[in-house]
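This report concerns only the one structure given below.
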Amino acid sequence: MFCPECGKKNADDAKFCEFCGVKIAEESKVILPKKPKKPMKKKTKIIIIVVIVLVFVLGGGGLILSNNFKPSKIATEYFEALINNDTDKIYDYINIPENEFTTKEIFKKVVETEDADVVNYQMVSEEKSSDGLSAQVTFSYTVEGRQNPLTQTIYLVKDKKNKLLIFDNWKISDGSSLVEEDYEITTFKDATLKLEGVTVDKKYKKDSDDSDYDTFVIPALFKGEYDVQMTLKNGLTTESTLDVGGYSSSLNTLELSDKDEKSLENTIKEDVKKLYDSAIGNKSFSDIKGDFEYKDSDLSDLEDAYGSFARSIQNNELKEYNLTSLDVDRISVTDDGYLYVTVNLEYKYTVKEYFSDDTVSKSDEDTAYLTFDYNDGFKLVDMTSLATYFSRF
């Protein structure tokens, strides 16, 4: 080893120059960079994958896969899902039209399935159509508590859209028995409709000149009972159930929530009492108008109705009116978006006898028709058929 300072030769293991004393630097190891590998081309990868698949298919794996895609295999798995009431699997196998109302979530909510007490079963036949596009598989089975065997045939169709490589995929065509297609639902004009929380799009609304109702035509709905929410254009939201089956359903009567129904009943009690007390006291409508007014209200119809009502009450010499019970029989919606309420009333009254200052008290019942707006609560805007004749006999 030579000294870098004086250039004289030293021993190979010397750390300092024995002539000038300078530290002799250690040699560094030189690491040569590895030659980078060339990335595999995409085309090469595809060729390798295809070769592997072909080897698998031709080598016996194809036979295993093909057995898994036979109609008999699909039908057996579907039949077992029916037996076990496995709605997830049942949905996966059935062939149904696809839209926002035929999802698995809605299927599990509305379609009723029951556990079958099947003791044992076996496949007895499998047939394919001549064109190879459909098949039917028949099972024989026995149920608990019954000796004679039963049979069920499951019909399948080939799913042309979804294939696994060279293998056909089959779907259960019985799905059509679970679905109503082009189902019509009639609602009040300009109402917003929700089925199981999913809003019915306006694209399903049928063109019509009907001024009172709208009709929605939904391409496919599962047969079953749906939770329905309908919001009228005045903002009132109603909740009910809809049993889908047959051709169509109508939501042209309102089913209020318990809370809203109680609110309406209380409003009717208060308003009916106010009208009778005011008429008995010979008050004009201007005296009580403030009790019925609300923002943007139009009380012209109520004012006209009250005028005739009050005159009749005075002519019949009614002295006292007490409502004892009421029953809201029906609620519909007018062209103006008001609520037209049919209500059955039971009441007690006191009236002056003919040709005497004495009074007589009786009880009676009647049906009245009251019209309400909905504006942060129920607001009376018209009335007809409130009793004005009271028997003295």
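The values are calculated or read from the model by the stated rules, or taken from the named source; none is laboratory data. These numbers come from a predicted model, not from an experiment. Ideal geometry is used to build each Cβ from the backbone, glycine not excepted, and the neighbour counts take in all protein chains shown.
Counting only residues that are touching a residue at least 60 places away in the same chain (Cβ under 8 Å), surrounded by fewer than 19 Cβ atoms within 10 Å (Cβ to Cβ) and assigned to a loop (DSSP other than H, G, I, E, B), how many does region 377-393 have?
3
If I go through region 293-339 residue by residue, how many of them are polar (S, T, N, Q), assigned to a strand (DSSP E or B) and in contact (Cβ under 8 Å) with a residue 24 or more places away in the chain?
Going through region 293-339 one residue at a time, the tally reaches 3.
Scan the strands (runs of 3 or more DSSP E) fully inside region 224-279 and keep the ones with 1 or more residues being under 15 Å from residue 375 (Cα atoms) and in contact (Cβ under 8 Å) with a residue 24 or more places away in the chain.
224-231
Pick out the one residue from 325, 312, 332, 308 that is polar (S, T, N, Q) and touching a helix residue (DSSP H, G or I) at 6+ places or on another chain (Cβ under 9 Å).
Going through 325, 312, 332, 308 in turn, just one is polar (S, T, N, Q) and touching a helix residue (DSSP H, G or I) at 6+ places or on another chain (Cβ under 9 Å): 312.
Which of the following residues is closer than 30 Å to residue 210 by Cα and not assigned by TED's automatic domain parsing to the domain that holds residue 189: 334, 324?
Of the residues listed, the single one that is closer than 30 Å to residue 210 by Cα and not assigned by TED's automatic domain parsing to the domain that holds residue 189 is 334.
Taking region 203-217 on its own, how many of its residues are charged (D, E, K, R) and either in the same structural domain as residue 153 (by TED's automatic domain parsing) or surrounded by 14 or more Cβ atoms within 10 Å (Cβ to Cβ) (or both)?
Residues flagged as charged (D, E, K, R) and either in the same structural domain as residue 153 (by TED's automatic domain parsing) or surrounded by 14 or more Cβ atoms within 10 Å (Cβ to Cβ) (or both) within region 203-217 amount to 2.
Per-residue answers, yes or no, for (1) modelled with pLDDT of 95 or more; (2) more than 21 Å from residue 279 (Cα to Cα):
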position	(1), (2)
301	yes, no
305	yes, no
311	yes, no
318	yes, no
331	no, yes
340	no, yes
347	yes, no
352	no, no
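Rundown of residues vs (1) in contact with an Asp or Glu (Cβ under 9 Å, 6 or more places away or on another chain); (2) modelled with pLDDT of 90 or more, yes/no style:
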{"position": "165", "(1), (2)": "no, no"}
{"position": "168", "(1), (2)": "yes, no"}
{"position": "175", "(1), (2)": "no, no"}
{"position": "182", "(1), (2)": "no, yes"}
{"position": "187", "(1), (2)": "yes, yes"}
{"position": "193", "(1), (2)": "yes, yes"}
{"position": "204", "(1), (2)": "no, yes"}
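Any residue at all in region 252-275 that's out of contact with any Phe, Trp or Tyr (no Cβ under 7 Å at 6 or more places or on another chain) and within 27 Å of residue 97 (Cβ to Cβ)?
No, there is no match, as no residue in region 252-275 is out of contact with any Phe, Trp or Tyr (no Cβ under 7 Å at 6 or more places or on another chain) and within 27 Å of residue 97 (Cβ to Cβ).
Being surrounded by fewer than 18 Cβ atoms within 10 Å (Cβ to Cβ), under 44 Å from the mean Cα position of the chain (by Cα) and among the aliphatic types (A, V, I, L, M), is that true of even one residue in region 317-324?
Looking for residues that are surrounded by fewer than 18 Cβ atoms within 10 Å (Cβ to Cβ), under 44 Å from the mean Cα position of the chain (by Cα) and among the aliphatic types (A, V, I, L, M), one finds at least one in region 317-324, hence yes.
Looking at the structure I just gave you, is residue 200 surrounded by 13 or more Cβ atoms within 10 Å (Cβ to Cβ), closer than 30 Å to residue 334 by Cβ and touching a Ser or Thr at 6+ places or on another chain (Cβ under 9 Å)?
Taking the combined requirement at face value, the residue satisfies it.
When the residues of region 360-393 are narrowed to those that are modelled with pLDDT of 95 or more and polar (S, T, N, Q), which ends up farthest from residue 260 (Cα to Cα)?
361
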